[in-house]
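Worksheet for the structure shown next.
The values are calculated or read from the model by the stated rules, or taken from the named source; none is laboratory data. The shown structure was predicted, so the numbers you read here are calculated from the model rather than taken from an experiment. A quick note on method: Cβ atoms are made from the backbone with ideal geometry, for glycine too, and the neighbour counts reach across all protein chains shown. With ligands, DNA and RNA removed, areas are computed over all heavy atoms of the protein, side chains included. Shrake-Rupley method; radii C 1.70, N 1.55, O 1.52, S 1.80 Å.
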Amino acid sequence: MQVSSLNEVKIYSLSCGKSLPEWLSDRKKRALQKKDVDIRRRIELIQDFEMPTVCTTIKVSKDGQYILATGTYKPRVRCYDTYQLSLKFERCLDSEVVTFETLSDDYSKIVFLHNDRYIEFHSQSGFYYKTRIPKFGRDFSYHYPSCDLYFVGASSEVYRLNLEQGRYLNPLQTDAAENNVCDINSVHGLFATGTIEGRVECWDPRTRGRVGVLDCALSSVTADSEINSLPTISALKFNGALTMAVGTSTGQGKIFTSLEPEHDLNDVCLYPNSGMLLTANEAPKMGIYYVPVLGPAPRWCSFLDNLTEELEENPESTVYDDYKFVTKKDLENLGLTHLIGSPFLRAYMHGFFMDIRLYHKVKLMVNPFAYEEYRKDKIRQKIEETRAQRVQLKKLPKVNKELALKLIEEEEEKQKSTWKKKVKSLPNILTDDRFKVMFENPDFQVDEESEEFRLLNPLVSKISEKRKKKLRLLEQQELHGKEEEEEPEGKPSDAESSESSDDEKDWVTEVRKQRRLLQQEEKVKRQEQLREDQQTVLKPQFYEIKAGEEFRSFKDSATKQKLMNKTLEDRLKLEAKNGTLSVSDTTVGSKQLTFTLKKSEQQKKQQEAEKLHRQERKAVRRSAGHLRSRPRRGRPFH
């Protein structure tokens, strides 16, 4: 449990703290609870109050007894009974849920809006009915007096579904291109929808007419606010008859900012008539917060009022603090692949959990000087940072110097062109923090000898010479401490420009030249490899014959290898010649292939035994020719 304070308002997080893995045995859990104070003081308010992966939406039934939440993966809905402080039921769904609403006081009537345009109705026993709306939905509200469901989404229309008649009614036509959220005032029944243009349109369900439009985007933008796009309405909620809270996509209209969850929030639900907040996070665990200023604790957990007086402000512990998550590649680097399947590693998702003490011990054995190297790198970075604060000359980075020089030259040319044409210049890569690692980390060094670089940069051999001259000049300036950059001696600027134009015209020739050079280098490498193979003394190889088999020769394997190297046509001709394949024409003009399968040794032995048996039977057979029937009297039968 964690206690935070903001503006003298205390917030008690009831869902934070160490989580015990499910695969731990009861004995191990009891041992951890005895020696770990944080685990012993952990409060599990509702048992199994989490989702397998992510929780998307969370709501409380109107009677306050049930908490319903949807999440992934797989798409599902879970219902928790607050009176029993445990999971009541769980239902898997066909697709992910955008939002849902309880139509009854308990969980007996639920409506789900899915991300595939389906609307699913559930009763107390389970699935009841499913229908579809024309466009993708984003939110919906239920109007109790008329039994109408109002759906908004990727359309300018607000679709109405009447549950009493069981059919769609004429939609409401808004002035917006799309609608994001909607809500219905429980006091007077006014329907409001938030649009992507930053406006809120209010409609009267009785007359089905627009009664007002509120432009929130215009009023939310002030002189001090910095925005990059038009604010859209992302949240909308009524509070009483005359109060409405509106939130925009740019952050304006944020009312409650004292919560600091560990993961991003997907949904927030306030428990009725209490100070408890329920959150759906981008994590398996759902959040439970208690703010005494907002109200008392719910009736089913009234003991929280007494516990909050004894709580102390303790730092939040990370999930699985005593375990380290490693992938299979990490195990290969540490040399621990032989531990897979043992009790030291527990499979989880795409990796394993291992004891953090074992991980640190093995890592220290693999690389005992890792800490010293890390310390030296940190010291070097600090020194570089202090040097960067001084007044410096035009200094090039240590990594990718030629690339940096090329960018500097292009930037100088851009500045000249922008001064003449007065065109807005683009940001420089050298001064952009997103690309600074490319000029600091040696792993990003451009390999100019690689085949890709030489083929994609055909003029690099000639242009690099000019840059190298300038690079040597800049290095001399750094050594002598000159502040002004001198123009390199050599050809005049006109001659250099003419030379660069000639290089651009001959890029095809340069590409062909580089390709020929690469082919020659590859040929030399093959010759050297062949020379090394010839000098290498081949050692005899021994093969072990399995028990029960006889050694014949290597001829069969060699024949099979030669046969596999031939084309399909040659193999068919060879099999037809050996008699194992016959090709014939049918009456309808097609071809018919007949294969004779090769018999195994066991089948040959069985056929030989059957043949000997038939011969023995034939040798002992007695002739029955002497047995003749007597001729019958009378007219023969025809």
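Below are the figures for this structure:
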{"item": "Test: residue in the range 398-417 that is closer than 30 Å to D330 by Cβ, at pLDDT 70 or above, open to solvent by less than 90 Å² (accessible area, probe 1.4 Å) and in a loop (DSSP other than H, G, I, E, B)", "result": "yes"}
{"item": "Qualifying residue in the range 264-271 (condition: assigned to a strand (DSSP E or B), at pLDDT 80 or above and among the hydroxyl-bearing types (S, T, Y))", "result": "no"}
{"item": "Flag for I429 being in contact with a helix residue (DSSP H, G or I) (Cβ under 9 Å, 6 or more places away or on another chain), of a type in the set (A, V, I, L, M, F, W, C) and at pLDDT 70 or above", "result": "yes"}
{"item": "Filter result for the condition that a residue is farther than 11 Å from L14 by Cα, of a type outside the set (S, T, Y), open to solvent by less than 20 Å² (accessible area, probe 1.4 Å) and without any contact (Cβ under 8 Å) to a residue 24 or more places away in the chain, over A297, A280", "result": "A297"}
{"item": "Checking V3 against (1) modelled with pLDDT of 70 or more; (2) not in a loop (DSSP other than H, G, I, E, B), the condition it does not meet", "result": "(1)"}
{"item": "Qualifying strands (runs of 3 or more DSSP E) (wholly inside the range 317-380; at least 2 residues being modelled with pLDDT of 85 or more)", "result": "323-327, 351-355"}
